[in-house]
Each structure stands twice: as C-alpha cells, then as structure tokens.
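Scroll down for the structure; my scribbles are underneath it.
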Amino acid sequence: IRYVLEVYDVADDYTDATPVKDRQVIIKDSYEPVIFDVRLVPNRDYHFVVFADFVAEGSATLSTDDQLKVNGIRHEIGNTLADIKVFNEAINDEAGDAYFASEDIKITNSNAHKNMVLKRPYGKLRVIATDLADLNLNLNPESVTVEYESFNPNAFNAVTGEISGAYTVKNFTTTFVEDVRDNMGDHFYNAGYDAKTYKAPNG
C-alpha cells in the first residue's frame with residue numbers, strides 16, 4: 001500500500017502548484033498505521049492531504065527516491081495530489097480501491113501530533129440477497145450482473161475531494177464469494193439491510 005502526503009498553505013487556497021512540503025511517500029506491505037515526520041513553520045494554517053492506494057508487490061523495498069516514482073495499480077499521481085488519473089476499467093475491482101483524507105490544521109508548536117483517518121473517495125457497491133434460504137430453491141447464484149447507466153469517473157482531486165472526467169462502463173459481472181454468502185450473520189450490514197433505500201442525487 002502506498003501512502004502519499006502533501007501539505008499546502010491555506011493562504012494559497014490549496015491551489016499553489018507546489019506543496020509547502022515536498023511530497024512524502026511511505027509504502028507498506030500490509031495494512032498498518034503510518035507516521036509522517038513533517039517540519040513546518042509554527043503559527044500558520046496548513047492543508048494536509050493524504051492519499052493511499054495499492055502498488056505492485058516489492059515496492060516497499062525500493063529506495064525513498066524510487067518510491068516517489070512508483071505508480072499505483074489503478075492510479076497515476078501527477079505533479080500533485082490534485083491530479084490523480086484513475087484507471088478503473090472494472091468497477092468494484094478490489095485493486096482499484098483507494099483511501100484519502102484532507103484537513104486544515106494550524107501548527108502551533110514543533111511537537112504537534114495529528115491523527116488522520118482515511119476514507120474511500122468513491123463508493124463501493126455491494127449486492128446482497130437476504131432471502132435465498134427462505135426460497136428453498138436449493139440453488140445458489142453463481143454471478144450477478146450490474147448494469148450501469150452513467151459514466152465512471154477517471155480523475156480524482158484529493159486536495160479538494162472532487163472526482164471528474166468520465167468514460168462509459170455499461171456492464172460489469174462479478175462472482176459471489178461462497179464465504180460471504182454463507183456467513184451473512186457475521187456482517188454488520190445484515191440486520192435491517194432491506195429497510196434502507198438509496199436514491200441517486202439526480203433522482
């Protein structure tokens with residue numbers, strides 16, 4: 001997993017082409033907290049941006065300079081985290097997952113610490129059937145086809161949190177996983193899931 005940090009000066013409205021602090025990259029072989037050591041001028045307001053995605057195995061052993069040049073499996077970072085290309089031809093591809101966080105932070109002294117929790121920048125679709133056992137069909141579906149009627153964004157601005165660009169993805173087929181289907185009770189979304197209704201912003 002590649003973690004990328006950039007720090008902007010709030011006075012620049014986050015639009016300065018060059019981050020206040022040069023980009024820092026940390027690559028880990030597993031999910032775990034990471035710590036960035038940033039030295040900044042006290043008593044100023046900064047905009048912190050962190051972006052994480054998946055890179056090829058073995059990238060964690062590269063030198064610091066080479067880690068800066070690594071491209072993600074489904075993401076290519078441009079000059080800054082405001083310019084991220086998303087190569088997500090297969091919707092819901094786990095390798096296409098990414099995480100980010102952005103926050104304005106006032107630096108008050110040289111020993112300041114700040115925790116940031118990353119979240120997904122784009123939605124993740126789950127298709128769940130809760131009534132298969134009730135139907136008594138003795139059949140289990142092998143796959144489900146989800147048809148998309150809109151466009152799949154292919155650009156992400158982690159500095160502002162905005163997605164843009166688009167290319168058409170009409171259909172995508174994914175295969176159910178046996179363990180997930182047979183252990184619904186172990187998942188937080190089981191209880192009351194059918195009672196929830198989701199509606200697209202445009203109706």
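The values are calculated or read from the model by the stated rules, or taken from the named source; none is laboratory data. Keep in mind that this is a model prediction, so the values were computed, not measured. Positions of Cβ are generated from backbone atoms using ideal geometry, with glycine treated the same way; all protein chains shown enter the neighbour counts. SASA here: full protein model, heavy atoms, side chains in, ligands and nucleic acids out. Shrake-Rupley method; radii C 1.70, N 1.55, O 1.52, S 1.80 Å.
Observations on the model:
- Unmet requirement for residue 14, which otherwise passes all of (1) modelled with pLDDT under 90; (2) not in a loop (DSSP other than H, G, I, E, B): (2)
- Qualifying residue in segment 15-23 (condition: loosely packed, with under 14 Cβ neighbours inside 10 Å and under 20 Å from residue 113 (Cα atoms)): yes
- Taking every residue in segment 35-57 that is of a type in the set (Ser, Thr, Tyr) and pairing it with any residue that is surrounded by fewer than 16 Cβ atoms within 10 Å (Cβ to Cβ) and part of a strand (DSSP E or B), at least 6 positions away or on another chain, the pairs with Cβ-Cβ distances below 8 Å are 46/104; 46/106.
- Residue count, segment 86-113 (criterion: part of a loop (DSSP other than H, G, I, E, B), modelled with pLDDT under 80 and of a type in the set (Asp, Glu)): 2
- Top-ranked residue in segment 139-165 [being at pLDDT 70 or above and open to solvent by 40 Å² or more (accessible area, probe 1.4 Å); ranked as farthest from the chain's Cα centre (by Cα)]: 165
- Summed over segment 33-85, residues that are in a loop (DSSP other than H, G, I, E, B) and more than 23 Å from residue 105 (Cα to Cα) total 15.
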